[in-house]
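**Student:** Pasting a structure below so you can have a look.
The values are calculated or read from the model by the stated rules, or taken from the named source; none is laboratory data. Predicted model, so just to flag it, every value in this text is computed and none were measured. Please note: Cβ atoms are built from the backbone with ideal geometry, for glycine as well, and neighbour counts cover all protein chains shown.
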Amino acid sequence: MESRLAILLTSAGPEYMGIYLNPSLSVFPREPDVVLQALRELATYIVSKGSLRGKRSQLGLLLEVLGMEDKGSRWNGAGL
């Protein structure tokens, strides 16, 4: 999971991280839903217009966690 998040943040670069994440990080950890929404918006931008355009599979399980793919589409809970 951490590697997928690193891929997202690296692909976004400092400019888009600042646009999407800086405002939400000011309320972390009091409002984690705000940070989750910012990550969702950043991921949406990156996979639709950014450097991962057309490469959703590189973000894998992170898209499921962010609610951008159906639960169980990347991981079905096996191995617990």
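**Student:** For Leu52, are the conditions met, namely being at pLDDT 95 or above and either surrounded by 14 or more Cβ atoms within 10 Å (Cβ to Cβ) or not charged (D, E, K, R) (or both)? Full working, then the answer.
**Tutor:** Working: at pLDDT 95 or above: no; either surrounded by 14 or more Cβ atoms within 10 Å (Cβ to Cβ) or not charged (D, E, K, R) (or both): yes.
Judged against the criteria, Leu52 is not a match.
**Student:** Continuing with this model, one more query. Scan segment 2-18 residue by residue and report those that are loosely packed, with under 14 Cβ neighbours inside 10 Å and either among the basic types (Lys, Arg) or on the phi > 0 side of the Ramachandran plot (or both). Steps first, please.
**Tutor:** Taking segment 2-18 first, the residues loosely packed, with under 14 Cβ neighbours inside 10 Å are 2-3, 6, 10, 13-15, 18.
Scanning segment 2-18 gives a single hit, Gly13.
**Student:** Quick one: how many residues across segment 46-58 are over 19 Å from Ile19 (Cα atoms) and assigned to a loop (DSSP other than H, G, I, E, B)? It would help to see each step written out before you state the result.
**Tutor:** In the first step, residues of segment 46-58 are kept if they are over 19 Å from Ile19 (Cα atoms); the result is 54-58.
When the remaining residues are screened for being assigned to a loop (DSSP other than H, G, I, E, B), the result is 54-55.
Count: 2.
**Student:** Given the conditions (1) part of a helix (DSSP H, G or I); (2) in contact (Cβ under 8 Å) with a residue 24 or more places away in the chain, which single one is not true for Ser24?
**Tutor:** Going through the list (1) part of a helix (DSSP H, G or I); (2) in contact (Cβ under 8 Å) with a residue 24 or more places away in the chain, Ser24 breaks only (2).
**Student:** In this structure, is Tyr16 outside any loop (DSSP other than H, G, I, E, B) and over 11 Å from the mean Cα position of the chain (by Cα)? Talk me through it step by step, then tell me what you get.
**Tutor:** Numbers: outside any loop (DSSP other than H, G, I, E, B): yes; over 11 Å from the mean Cα position of the chain (by Cα): yes.
The answer is yes for Tyr16.
**Student:** Considering each of Leu21, Leu39 in turn, give the residue that is under 16 Å from Glu69 (Cβ atoms) and either surrounded by 17 or more Cβ atoms within 10 Å (Cβ to Cβ) or in contact with a Cys (Cβ under 6 Å, 6 or more places away or on another chain) (or both). Can you show your working first?
**Tutor:** Details: Leu21 fails: under 16 Å from Glu69 (Cβ atoms).
Sole residue among the options that is under 16 Å from Glu69 (Cβ atoms) and either surrounded by 17 or more Cβ atoms within 10 Å (Cβ to Cβ) or in contact with a Cys (Cβ under 6 Å, 6 or more places away or on another chain) (or both): Leu39.
**Student:** OK, next. Identify all residues within segment 59-80 that are crowded, with 16+ Cβ neighbours inside 10 Å and part of a helix (DSSP H, G or I); write none if there are none.
**Tutor:** Within segment 59-80, Leu62, Leu63, Glu64, Val65 qualify.
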